[in-house]
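**Student:** Before I ask anything, here is the structure I am working with.
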Amino acid sequence: MTESPATKPADGEARPRVKNGLKPERNGLVKSLRRCHERQPKRHCHPEEEEVHAAALNGGLYNRPFLESFEETPMLVAVLTYMGYGILTVFGYLRDFLRHWKIERCHIAREKEEQKDFVPLYQDFENFYTRNLYMRIRDNWNRPICSVPGAKVDVIERASSDYNWTFNYTGRVVQEVINLGSYNYLGFAENTGPCATSAAEVTAKYGVGVASTRQEIGNLDGHEEMEKLVAKFLGVESAMAFGMGFATNSMNIPALAGKGCLILSDELNHASLVLGVRLSGSTIRVFKHNNMQNLEKLLREAIVHGQPRTHRPWKKILIVVEGIYSMEGSVVRLPEVIALKKRYRAYLYLDEAHSIGALGPRGRGVIDYFGLDPCDVDVMMGTFTKSFGAAGGYIAGKRLIEYLRSHSHSAVYATSMSPPVVEQIITSMKCIMGEDGTTIGLKRVQQLAGNVVYFRKRLQEMGFIIYGNEDSPVVPMMLYMPAKIGAFGREMLKRNIGVVVVGFPATPIIESRARFCISAAHTRDVLDRLTFKWMGKPDLPLFKWLQLFGKELRIL
């Protein structure tokens with residue numbers, strides 16, 4: 001096979017090939033991928049780590065080091081994890097047997113007795129995981145908060161007397177819980193400041209809802225101003241906003257691709273992208289995450305062989321990727337994707353839901369992060385729900401917006417965005433761009449970048465296994481075993497730390513994790529107190545307990 005940009009050496013030296021661009025072939029081995037200039041000196045690495053240095057094609061695709069680290073699950077930990085799920089499954093079948101004979105009370109949703117001769121509305125076995133595994137740790141999710149989701153939140157305390165099937169509110173509020181779960185990357189989700197003031201003024205003028213679609217009586221002057229500002233912010237010709245981020249993907253991809261088209265989708269793409277490509281009716285082929293070799297192979301095969309059976313050329317080929325992958329914390333290798341897209345005359349759909357505002361020296365997302373030309377991306381998608389502290393999403397690009405206005409279901413049938421939400425977007429975006437006359441937005445972008453590097457460094461010093469890019473505000477920390485998912489979330493809340501824990505099926509079965517989302521609203525003092533609670537003597541028993549998630553796993 002011809003060497004791809006990820007493997008072709010620039011200086012003639014023989015280098016090891018990158019396997020999948022992600023994970024090693026041996027258990028417990030760390031593989032770090034570096035993309036750097038041809039003359040950048042090699043760094044000294046830990047003896048247990050293997051570095052793969054891959055030169056960019058022509059030495060000019062990357063203008064900065066690109067470092068991502070992933071560690072494959074140690075063999076012993078993987079075996080113990082499978083055993084844990086196996087034991088839970090056996091007990092699940094036992095409890096289902098007891099429920100069937102009414103020995104144990106059944107809390108699950110069931111078909112009515114008078115409909116027993118009907119075709120079942122749903123398959124009861126599909127809920128096996130929910131009722132027997134998820135319910136054990138259900139208290140770690142859907143926690144109600146009663147404050148602004150800033151650096152700290154107030155959480156309403158819940159209690160359950162029937163093993164998490166139902167919850168009762170105790171009336172107590174857990175105050176000042178350090179918030180490491182919200183996507184409030186730039187700290188604009190706040191109830192004070194210029195954004196909140198402007199939103200309140202617009203609410204008094206326009207109300208809180210439009211009660212119409214934009215094609216009817218729901219198109220406000222604020223919507224037009226917001227779309228022009230988004231296009232200016234991204235550096236493209238035009239942009240269009242939608243009221244829901246999920247629907248921005250799921251309803252617009254079918255308008256851009258259809259029968260006779262080929263969509264190449266990253267295997268870790270978000271559910272909204274997966275739904276969108278399925279609804280389009282296009283042929284779908286999935287490439288390994290961030291693996292440019294696999295992507296190039298699929299592109300080459302698509303052009304050579306064409307459509308199945310007829311072998312006619314594809315009407316169009318669309319590559320669908322994300323800026324930051326929210327479960328892995330990895331950043332797309334956009335320079336290489338664009339190089340392949342140009343070489344094989346394909347189109348590129350970039351989802352910047354987590355990267356817009358959170359990456360780049362100016363907060364313009366992954367394109368700004370790599371210093372690329374926005375015109376090289378055909379379809380730029382993003383959301384306002386994270387860095388801007390609002391709601392909805394956008395599609396931006398060149399010469400396609402007018403087409404979407406009349407062909408996108410989300411544009412034709414969806415209700416217009418709420419006026420105060422529109423004003424929140426406008427005010428926060430102007431703040432990031434500096435058009436409000438201040439440097440508050442730029443300082444928040446810089447604060448976020450500094451917090452990410454600092455927090456990741458502290459976790460690594462403590463011996464935890466973390467995933468992702470060194471500049472990603474999404475920081476996954478590996479837990480592996482199912483029992484640790486619930487235990488970790490509960491123990492953190494006891495110490496006023498709110499975290500998100502994630503397990504199967506949202507992640508691979510042996511890669512359960514806690515996911516931290518860093519914000520510019522976190523001060524260095526908050527991060528220091530957070531890590532001090534983990535490491536310091538005042539909470540030494542917690543540190544000993546947390547070692548199970550870090551250093552001892554490396555020994556195994």
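The values are calculated or read from the model by the stated rules, or taken from the named source; none is laboratory data. What you see is a predicted model; the values in this text were computed from it and never measured. Here the Cβ positions follow ideal geometry from the backbone for every residue, glycine too, while neighbour counts run over all protein chains shown. Each accessible area value is taken on the protein alone, full model and side chains, heavy atoms only, with ligands, DNA and RNA left out. Shrake-Rupley method; radii C 1.70, N 1.55, O 1.52, S 1.80 Å.
Residue-wise test of (1) under 29 Å from residue 472 (Cβ atoms); (2) open to solvent by less than 40 Å² (accessible area, probe 1.4 Å); (3) not hydroxyl-bearing (Ser, Thr, Tyr).
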residue: 174; (1), (2), (3): yes, yes, yes
residue: 181; (1), (2), (3): yes, yes, yes
residue: 186; (1), (2), (3): yes, yes, yes
residue: 197; (1), (2), (3): no, no, no
residue: 200; (1), (2), (3): no, no, yes
residue: 203; (1), (2), (3): no, no, no
residue: 209; (1), (2), (3): no, no, yes
residue: 219; (1), (2), (3): no, no, yes
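**Student:** Of all residues in the stretch 315-326, which are open to solvent by less than 30 Å² (accessible area, probe 1.4 Å) and assigned to a loop (DSSP other than H, G, I, E, B)? Explain how you work it out, then say what you get.
**Tutor:** Residues of the stretch 315-326 that are open to solvent by less than 30 Å² (accessible area, probe 1.4 Å), as a first pass: 317-326.
Answer for the stretch 315-326, where residues must be open to solvent by less than 30 Å² (accessible area, probe 1.4 Å) and assigned to a loop (DSSP other than H, G, I, E, B): 323, 325, 326.
**Student:** One residue is enough: does the stretch 259-271 have a residue meeting the conditions open to solvent by 10 Å² or more (accessible area, probe 1.4 Å) and part of a helix (DSSP H, G or I)?
**Tutor:** Yes, because at least one residue in the stretch 259-271 is open to solvent by 10 Å² or more (accessible area, probe 1.4 Å) and part of a helix (DSSP H, G or I).
**Student:** Exactly one condition in (1) part of a strand (DSSP E or B); (2) crowded, with 24+ Cβ neighbours inside 10 Å is not met by residue 329; state its number.
**Tutor:** (1)
**Student:** Only one of 95, 138 is within 30 Å of residue 330 (Cβ to Cβ), open to solvent by 30 Å² or more (accessible area, probe 1.4 Å) and either at pLDDT below 80 or not in a loop (DSSP other than H, G, I, E, B) (or both). Can you tell me which?
**Tutor:** 138
**Student:** Does residue 395 fit the bill of being in a strand (DSSP E or B) and within 26 Å of residue 186 (Cβ to Cβ)?
**Tutor:** Judged against the criteria, residue 395 is a match.
**Student:** Something else: Taking the criterion of being under 30 Å from residue 525 (Cα atoms) and touching a Cys at 6+ places or on another chain (Cβ under 6 Å), would at least one residue in the stretch 146-158 satisfy it?
**Tutor:** Yes, because at least one residue in the stretch 146-158 is under 30 Å from residue 525 (Cα atoms) and touching a Cys at 6+ places or on another chain (Cβ under 6 Å).
**Student:** Turning to a different aspect of this structure: Pull up the stretch 488-498, narrow it to residues that are open to solvent by 10 Å² or more (accessible area, probe 1.4 Å) and touching a residue at least 60 places away in the same chain (Cβ under 8 Å), then point me to the one that is farthest from residue 153 (Cα to Cα).
**Tutor:** Keep residues of the stretch 488-498 that are open to solvent by 10 Å² or more (accessible area, probe 1.4 Å), which gives 490-491, 493-496, 498.
In the following step, the residues that additionally are touching a residue at least 60 places away in the same chain (Cβ under 8 Å) were identified as 490, 493, 496, 498.
Details: 490: 16, 493: 11, 496: 9, 498: 8 Å.
Selected residue: 490.
**Student:** Which one is nearest to residue 353 (Cα to Cα), of the residues in the stretch 260-304 that are without any contact (Cβ under 8 Å) to a residue 24 or more places away in the chain and basic (Lys, Arg)?
**Tutor:** 278
**Student:** Shifting gears a bit: Might you check whether a residue that is surrounded by 16 or more Cβ atoms within 10 Å (Cβ to Cβ), polar (S, T, N, Q), modelled with pLDDT under 95 and under 30 Å from the mean Cα position of the chain (by Cα) occurs anywhere in the stretch 152-167?
**Tutor:** Yes.
**Student:** Something else: If only one of 214, 278 is open to solvent by less than 60 Å² (accessible area, probe 1.4 Å), basic (Lys, Arg) and either touching a helix residue (DSSP H, G or I) at 6+ places or on another chain (Cβ under 9 Å) or farther than 15 Å from residue 380 by Cα (or both), which one is it?
**Tutor:** 214
**Student:** May I pose another question? Kindly list the number of the only condition in (1) touching a His at 6+ places or on another chain (Cβ under 9 Å); (2) surrounded by fewer than 16 Cβ atoms within 10 Å (Cβ to Cβ) that fails for residue 146.
**Tutor:** Just one mismatch for residue 146, condition (1).
**Student:** Need the failing condition index for residue 424 against (1) within 21 Å of the chain's Cα centre (by Cα); (2) farther than 20 Å from residue 179 by Cα; (3) open to solvent by 10 Å² or more (accessible area, probe 1.4 Å), just the number.
**Tutor:** Failed condition: (1).
**Student:** Conditions: (1) in contact (Cβ under 8 Å) with a residue 60 or more places away in the chain; (2) among the charged types (D, E, K, R); (3) within 22 Å of residue 486 (Cβ to Cβ); (4) not in a helix (DSSP H, G or I). Residue 104 meets all but one. Number of the miss?
**Tutor:** Failing condition for residue 104: (1).
**Student:** Moving to a separate point now. List, please: which pairs have Cβ atoms under 6 Å, are six or more places apart or on different chains, and start with a residue in the stretch 466-482 that is part of a strand (DSSP E or B) and end with one that is hydroxyl-bearing (Ser, Thr, Tyr)?
**Tutor:** 468/330; 469/330; 474/326; 476/467; 479/512; 480/81; 480/512
**Student:** Here is a follow-up. In the stretch 446-465, which residue that is open to solvent by less than 10 Å² (accessible area, probe 1.4 Å) and outside any loop (DSSP other than H, G, I, E, B) is nearest to residue 523 (Cα to Cα)?
**Tutor:** Selected residue: 451.
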